[in-house]
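The values are calculated or read from the model by the stated rules, or taken from the named source; none is laboratory data. Quick caveat: nothing in here was measured; it's all calculated off a predicted structure. Cβ sites come from the backbone with ideal geometry, for glycine too, and all protein chains shown count toward neighbours. Accessible surface areas use protein heavy atoms only, side chains included; no ligands, DNA or RNA. Shrake-Rupley method; radii C 1.70, N 1.55, O 1.52, S 1.80 Å.
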Amino acid sequence: MGYVFDPAAVLSGQYLDWFLWGIATTIALTAAAWLVGMTTGIILTLIRMAPFRPCEWFVALYVEYHRNVPLLVQIFVWYFGMPELLPDVLRDWVNSHNSEFVLATIALGLANGAYVSEDLRSGIQSIPSTQYEAARSIGFNYMQAMSWVVLPQAFRIVIPPLVNQTLLLFKNTSLAMAIGVAELTYRTREVDSYTFKTFEAFAVATIIYLAISFAIMALGSFADRKLKLEIR
């Protein structure tokens, strides 16, 4: 008798619960890392655009590190290396508060921030310099001019690349399984190990990843259209 495709075998009982927990962890990890990445990206952009050359060098070095070192290596550095550099009190706190999730969030978020900063910098460069000069002429300092005048306009321009970065971040959460974060890929391998239904388990995971990816793209497209309508 030939092979019978049976997705129900991996979508019942505790196996369904594992998938649901994996989805919840993946979404939580994506959201937390996105917040870290967006905050980091904005800070790096403000630093890089400051009229002080060493600031530009620092951000350029930061971006090149995260572009050229494999993300899995960055996760390992944070998980195995960084805790050893922390004071005992802080290290104990991290270890007692789901250290795998926390450190994966930091590693993914900081890496994502490097790419976000480049997208924002491109958006800022497309804004006429007269916008910045006009803000300064009415009394805004550098931070106020960037935060209230330039950055909001740049965000409207770079929504499509930022959506792409969000998608990349979402997919990269699967690398967190290497340090024991029980996200979707980790749970899928668990289901596979218990049921020996490899094709079914990973087919279900593939559909879930596609569904969430399409949802992210739809939200990004909605936000892009809404901002364009507001501009008009």
Practice problem: Could you tell me whether any residue of the stretch 64-76 is open to solvent by 20 Å² or more (accessible area, probe 1.4 Å), over 30 Å from residue 154 (Cα atoms), part of a helix (DSSP H, G or I) and without any contact (Cβ under 8 Å) to a residue 40 or more places away in the chain? | Solution: yes
Self-check item: Residue among 16, 108, 20 that is of a type in the set (A, V, I, L, M, F, W, C), open to solvent by less than 30 Å² (accessible area, probe 1.4 Å) and closer than 25 Å to residue 204 by Cα
Solution: 108
Quiz item: Counting only residues that are outside any helix (DSSP H, G or I) and within 30 Å of residue 164 (Cβ to Cβ), how many does the stretch 2-50 have?
Solution: 2
Quiz item: Residues in the stretch 216-228: is at least one among the basic types (Lys, Arg), in contact with an Asp or Glu (Cβ under 9 Å, 6 or more places away or on another chain), under 29 Å from residue 48 (Cα atoms) and not in a loop (DSSP other than H, G, I, E, B)?
Solution: no
Quiz item: Hey, does the stretch 42-56 have a residue that's crowded, with 16+ Cβ neighbours inside 10 Å, under 30 Å from residue 208 (Cα atoms) and of a type outside the set (Phe, Trp, Tyr)?
Solution: no
Self-check item: Set 168, 103, 162, 175: member being closer than 30 Å to residue 21 by Cα and touching a Gly at 6+ places or on another chain (Cβ under 8 Å)
Solution: 162
Quiz item: Got a number for residues in the stretch 176-196 being more than 29 Å from residue 111 (Cα to Cα) and surrounded by fewer than 19 Cβ atoms within 10 Å (Cβ to Cβ)?
Solution: 5
Exercise. Output the number of the condition that residue 167 fails; it satisfies all remaining conditions of (1) outside any helix (DSSP H, G or I); (2) open to solvent by 20 Å² or more (accessible area, probe 1.4 Å); (3) of a type in the set (A, V, I, L, M).
Key: (1)
Exercise. Look at the stretch 111-145 and say how many of its residues are of a type in the set (A, V, I, L, M) and either touching a Cys at 6+ places or on another chain (Cβ under 9 Å) or open to solvent by 70 Å² or more (accessible area, probe 1.4 Å) (or both).
Key: 2
Quiz item: Which helices (runs of 4 or more DSSP H) does the stretch 83-142 wholly contain that include 2 or more residues that are within 30 Å of residue 27 (Cβ to Cβ)?
Solution: 88-95, 99-125
Practice problem: Output the number of the condition that residue 175 fails; it satisfies all remaining conditions of (1) under 17 Å from the mean Cα position of the chain (by Cα); (2) within 21 Å of residue 7 (Cα to Cα). | Solution: (2)
Quiz item: Would you say residue 152 is in a helix (DSSP H, G or I), touching a residue at least 60 places away in the same chain (Cβ under 8 Å) and exposed (fewer than 15 other Cβ atoms within 10 Å of the Cβ)?
Solution: no
